[in-house]
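See structure below.
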Amino acid sequence: MENSSRPNLMYPTSLLSIHLAVAKRILRYLKGSADYGVWYLKGKEVRLEGFVDSDKASCLDDSKSASSFVFYVGSDHISWNSKMQDVVAQSTTEAKYVSIAATANQSI
């Protein structure tokens, strides 16, 4: 329909159809993996570890840095995140400090 009456909708429609297909795939995965989980055995030592990283000025548009972290309990990752920082860091040290602060807040 958009081919004959609204050619300006072809591109957004194709993008939406791709996103809809991905959303359906994710929902099928969730339905099929509802029984999955993380199990911890009694008596086994469980250790919490966290890792953090940053990439200064990784966004070419606004020079914002990227932050990422992951937390493990044993060998299972339980929390992770990767996002652009809210501020523009003036140095690599500042970008790392912002990442470490965000990770510390998440760990609490």
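Here are a few things to note about the model shown:
- Max mean-square fluctuation residue, GNM over the chain, Cα-Cα springs under 10 Å, options SER63, SER91, SER14: SER14
- Label-to-label distance for VAL46 and ILE78 is 0.6 nm, based on points extended 7 Å past Cα in the beta-carbon direction.
- Dipole axis of the chain (+1 Lys, Arg; -1 Asp, Glu on Cβ), positive-most option in ALA21, LEU9, GLY74: ALA21
- Inter-label distance for TYR36 and VAL70, nm, one decimal - labels placed 7 Å from Cα along Cα-to-Cβ: 1.5
- Here the relative contact order of segment 38-98, from alpha carbon pairs under 8 Å that lie six or more residues apart, stands at 31 percent.
- Mean ellipticity per residue at 222 nm, deg cm²/dmol - from DSSP H runs of n ≥ 4 across the chain, formula -39500 (n - 2.57): -12500 deg cm²/dmol
- Here the dipole of the chain is about 460 debye; that uses its Cα centre as origin and unit charges on the Cβ of Lys and Arg (positive) and Asp and Glu (negative).
- Karplus-derived 3J(HN,Hα), 6.51/-1.76/1.60, for each residue of segment 15-27, Hz, glycine and proline x: 4, 4, 5, 5, 5, 5, 4, 5, 4, 5, 5, 4, 5
- Which labelled figure in (i) 13, 48, 33, 7; (ii) 11, 24, 29, 21, 10, 4, 0; (iii) 12, 23, 24, 26, 12, 3, 1 is P(r) over Cα pairs in 10 Å bins from 0, in percent, once derived from the coordinates: (iii)
- Rounded to 10°, Cα long-axis angle of helix 92-107 versus longest principal axis of the chain: 80
Only the coordinates and a few stated rules stand behind these numbers; no lab work does. Please read all numbers here as calculations on a predicted model, not as lab measurements. Here the Cβ is made from the backbone with ideal geometry for all residues, glycine too, and neighbour counts use every protein chain on show.
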